[in-house]
Amino acid sequence: MNDPTPNRIARRSAATTDMYDRAVRAGLTGHTISARSGKSVRLADGEEYVEFVSCSYLGLEDHPRLVQSVRTALDLYGTHFSSSRNSVEPAEARQLEELLGEVYPGMSALVFNSVSSVHLGVLPLLGAGVLPGYPIAAQGPLFVIERTAHASMQALRGVLEQVGPAARFRIEDPQSLTEALDLARSQGRTPIVLVDGIGSMGGLIDVKSLSDAAAGLGGYVYVDDAHGISISGPRGAGYAFEALGCEVPPSVLLVGSLSKAFGGSGGFLLTHRAEDVTVLRREANPMVFGHSNMITHVLVNTESARMHLDGTVAELQRKLWENADLFDKANSAGTLVNAGTRSPIRGLAMETEEAAFASAVKLREAGVLCFPVFYPVVARGTGLLRFALSAHHTPEQIQSVADCLASV
Ligand SMILES: Cc1ncc(COP(=O)(O)O)c(C=O)c1O
């Protein structure tokens with residue numbers, strides 16, 4: 001009871017300062033908005049601000065086709081059909097999965113309510129070796145988790161350890177990956193490497209090298225490319241798909257988000273065999289024990305998938321990367337995390353929480369909202385200002401950030 005560090009969660013809580021609360025009180029985050037137009041939002045003080053917070057990198061969410069699909073959903077079904085996902089679903093849910101199969105030719109898609117639900121539903125079954133397309137050694141799996149893999153995967157460690165042990169590695173330290181893979185080999189286990197595609201706070205992961213390394217051991221790479229979907233690649237198939245050579249190699253399980261650039265809501269998994277989807281629909285925890293996706297979002301997702309296939313998304317991708325170039329040129333004096341890369345996220349890393357706080361105050365005074373983050377999102381004692389870029393930002397809005405950062 002008196003032990004100040006009884007477990008990892010308690011230790012993390014003890015190391016978390018009140019910085020987030022202070023940032024909320026100072027109006028730097030935790031906002032409530034009462035109106036939006038493009039990238040402009042109205043805050044509780046009645047003023048309009050330019051936001052670099054939303055992860056809707058293509059600005060699809062107010063596209064007339066998606067807005068109309070919500071109206072259609074309401075007319076057809078009302079707001080919701082509350083059942084477990086594998087008992088009743090609207091026809092559009094299956095259409096969405098078929099359309100995703102066209103975005104990723106040859107793959108079978110399964111849509112969940114969220115990316116976290118994909119992880120919870122898929123990883124234990126994958127590790128248990130019950131997915132026909134992804135055999136696992138008799139000795140079981142070794143989960144090999146990259147240090148910066150998204151928290152929604154890290155949080156499952158205790159669940160995964162019911163299926164097989166876990167090891168960690170750092171993407172910037174190839175030796176740590178070699179050691180983890182050697183451990184899998186020496187124990188006769190199948191390595192399952194868990195990584196992001198585009199890191200939510202960091203950079204681009206070299207998914208191709210990881211896929212080759214895992215394939216050499218009969219293992220798999222499970223890629224959470226939540227931030228990479230739609231923003232690049234043919235038909236908006238995403239960063240990881242493109243980096244993998246515009247295919248999903250047999251050693252890769254690719255996971256995407258429908259809630260970020262896709263303009264809708266939910267998460268999806270791509271598998272190589274339809275039989276995998278059959279097992280997951282029958283046995284994945286959120287499919288069996290969770291409610292179905294909101295009907296309005298199912299129809300939004302389906303329409304957005306059509307916009308990936310008909311070229312609408314390709315045009316928005318072009319605008320996003322133009323804006324990213326503009327942002328990098330305007331800020332060329334400073335060093336921004338991800339500058340010059342094909343990530344839609346830029347970051348200003350600060351050595352102290354106080355420095356990040358002070359800079360976020362200046363930005364807000366200049367009418368700009370960024371996302372200031374502190375431990376446990378970034379390393380203890382440090383801060384990061386995160387900027388999410390969008391196809392919808394105007395050159396003036398981008399310049400306003402640069403002008404303010406120049407004085408920070
Ligand atoms: C990389 C990544 N994976 C997973 C998630 C969780 O997504 P969801 O809210 O759909 O569970 C996020 C959330 O932002 C994310 O950035």
Worksheet, complete the sentence: Of the residues in region 237-247, those that are open to solvent by 20 Å² or more (accessible area, probe 1.4 Å) and either within 18 Å of Thr148 (Cβ to Cβ) or part of a strand (DSSP E or B) (or both) come to Tyr239, Ala243
Discussion item. Would you confirm whether or not region 96-103 contains a residue that is in contact (Cβ under 8 Å) with a residue 12 or more places away in the chain, acidic (Asp, Glu) and away from the ligand (no atom under 16 Å from the Cβ)?
Written reply: yes
Worksheet item: Are there any pairs with C-beta distances below 7 angstrom linking a residue in region 194-207 that is in contact (Cβ under 8 Å) with a residue 12 or more places away in the chain and within 19 Å of Ser259 (Cα to Cα) to a residue that is within 8 Å of the ligand (Cβ to nearest atom) and part of a strand (DSSP E or B), with the two at least 6 apart or on different chains, and if so which?
Response: Asp196/Asp224; Gly197/Asp224
Worksheet item: List, please: which pairs have Cβ atoms under 8 Å, are six or more places apart or on different chains, and start with a residue in region 232-248 that is more than 15 Å from Tyr57 (Cα to Cα) and end with one that is surrounded by fewer than 24 Cβ atoms within 10 Å (Cβ to Cβ) and among the acidic types (Asp, Glu)?
Response: Pro234/Glu242; Arg235/Glu102; Phe241/Glu247; Ala243/Asp206
Worksheet item: Of Leu142, Leu123, Leu110, which residue is part of a helix (DSSP H, G or I) and either crowded, with 19+ Cβ neighbours inside 10 Å or among the aliphatic types (A, V, I, L, M) (or both)?
Response: Leu123
Worksheet item: From the residues in region 264-295 that are assigned to a loop (DSSP other than H, G, I, E, B) and modelled with pLDDT under 95, which one is nearest to the chain's Cα centre (by Cα)?
Response: Asn293
Discussion item. Scan region 4-21 and tell me whether some residue there is within 24 Å of Ser359 (Cα to Cα) and open to solvent by 90 Å² or more (accessible area, probe 1.4 Å).
Written reply: yes
Fill in: Conditions (1) among the aliphatic types (A, V, I, L, M); (2) open to solvent by 50 Å² or more (accessible area, probe 1.4 Å); (3) farther than 30 Å from Ala379 by Cβ; number of the one not met by Val103
(2)
Discussion item. Give me the strands (runs of 3 or more DSSP E) completely within region 152-236, filtered to those with at least 3 residues that are more than 16 Å from the ligand (Cβ to nearest atom), ordered by residue number.
Written reply: 166-169, 190-196
Worksheet item: Ala358: of a type outside the set (Asp, Glu), under 26 Å from Ala23 (Cβ atoms) and part of a loop (DSSP other than H, G, I, E, B), yes or no?
Response: no
Worksheet entry | Residue ID - most open to solvent (accessible area, probe 1.4 Å), chosen from residues in region 49-76 that are acidic (Asp, Glu) and closer than 26 Å to Val373 by Cα | Glu61
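For every residue, the table says whether it meets (1) part of a helix (DSSP H, G or I); (2) under 21 Å from the mean Cα position of the chain (by Cα); (3) without any contact (Cβ under 8 Å) to a residue 12 or more places away in the chain.
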position: His297; (1), (2), (3): yes, yes, no
position: Asn301; (1), (2), (3): yes, yes, no
position: Ala305; (1), (2), (3): yes, yes, no
position: Trp321; (1), (2), (3): yes, yes, no
position: Gly334; (1), (2), (3): no, no, no
position: Arg342; (1), (2), (3): no, yes, no
position: Arg346; (1), (2), (3): no, yes, no
Discussion item. So for region 268-284 (the condition being on the phi < 0 side of the Ramachandran plot, touching a Leu at 6+ places or on another chain (Cβ under 9 Å) and within 12 Å of the ligand (Cβ to nearest atom)), does at least one residue qualify?
Written reply: yes
Worksheet item: Only one of Val277, Val195 is closer than 23 Å to Ala138 by Cα and not assigned by TED's automatic domain parsing to the domain that holds Gly38; which?
Response: Val277
Item to complete: Check every one of the strands (runs of 3 or more DSSP E) wholly within region 20-82 and list those with 2 or more residues that are touching a His at 6+ places or on another chain (Cβ under 8 Å).
Response: 40-43
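Yes or no, residue by residue, for (1) open to solvent by 40 Å² or more (accessible area, probe 1.4 Å); (2) within 15 Å of Val103 (Cα to Cα); (3) not assigned by TED's automatic domain parsing to the domain that holds Ala91:
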position	(1), (2), (3)
Leu217	yes, no, no
Val221	no, no, no
His227	no, no, no
Ser230	no, yes, no
Ser259	yes, no, no
Leu269	no, yes, no
Gly290	no, no, no
Val298	no, no, no
Asn301	no, yes, no
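The values are calculated or read from the model by the stated rules, or taken from the named source; none is laboratory data. None of these values were measured; they are calculated from a predicted model. When we count neighbours, we look across all protein chains shown, and the Cβ atoms used for this are built from the backbone with ideal geometry, even at glycine. Quick note on the areas: whole protein, heavy atoms, side chains included, nothing else; ligands and nucleic acids left out. Shrake-Rupley method; radii C 1.70, N 1.55, O 1.52, S 1.80 Å.
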